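Down below is the structure, laid out as structure tokens.
The values are calculated or read from the model by the stated rules, or taken from the named source; none is laboratory data. The shown structure was predicted, so the numbers you read here are calculated from the model rather than taken from an experiment. Glycine also receives a Cβ, built like all others from the backbone with ideal geometry; neighbour counts cover every protein chain displayed. Quick note on the areas: whole protein, heavy atoms, side chains included, nothing else; ligands and nucleic acids left out. Shrake-Rupley method; radii C 1.70, N 1.55, O 1.52, S 1.80 Å.
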Amino acid sequence: MRLAIMMALQAAPVAGPPLPAELRPVKPASTPDAVPCGTPDRRGDIVVCGRAAGADRLQRLDETRYAERPIRAATTLGKTRLSAEAEQGSLPGGQSAPRAMLRLKMPF
């Protein structure tokens, strides 16, 4: 309820005295040398305005910084390190045997 009241108070227009003339924003004066695009200037030259071809293109990303890192399921419990890994083994008949391994490494 308080949140709704606070939001309603912030959305209300703020009434106050008008700004003095010296604090009001003013439009910058146009320079007399500025000529609109496509019109000739004083010497008869036509002014052509344009932007660089790659102005809106994004820069290439740094591939080393944003390269995908391998996901490692590992944690530490005190000085002990526990990790889960997947391995591919083979059986005597030439069949493959996928394995899920839990490794517990303890310093001694």
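Take the conditions within 30 Å of K105 (Cβ to Cβ), modelled with pLDDT of 75 or more, of a type in the set (K, R) and surrounded by 10 or more Cβ atoms within 10 Å (Cβ to Cβ) and apply them to R81. Does it pass? For R81, the condition - within 30 Å of K105 (Cβ to Cβ), modelled with pLDDT of 75 or more, of a type in the set (K, R) and surrounded by 10 or more Cβ atoms within 10 Å (Cβ to Cβ) - is met.
Looking only at residues in region 33-56 that are over 33 Å from the mean Cα position of the chain (by Cα) and of a type in the set (A, V, I, L, M), the one that is modelled with the lowest pLDDT is A34. Taking residues in region 94-108 that are more than 29 Å from K79 (Cα to Cα), and partners anywhere that are among the hydrophobic types (A, V, I, L, M, F, W, C) and open to solvent by less than 100 Å² (accessible area, probe 1.4 Å), the pairs with Cβ atoms closer than 9 Å and at least 6 places apart or on different chains are A97/L91; P98/A86.
Within region 63-78, the set of residues being open to solvent by less than 80 Å² (accessible area, probe 1.4 Å), at pLDDT 85 or above and part of a loop (DSSP other than H, G, I, E, B) comprises just one member, G78.
Checking Q59, Q95 one by one, the residue that is open to solvent by 100 Å² or more (accessible area, probe 1.4 Å), of a type outside the set (K, R) and over 32 Å from the mean Cα position of the chain (by Cα) is Q95 and no other.
Can you give me the number of residues within region 79-108 that are in contact with a strand residue (DSSP E or B) (Cβ under 7 Å, 6 or more places away or on another chain) and part of a loop (DSSP other than H, G, I, E, B)?
Selection size over region 79-108: 2.
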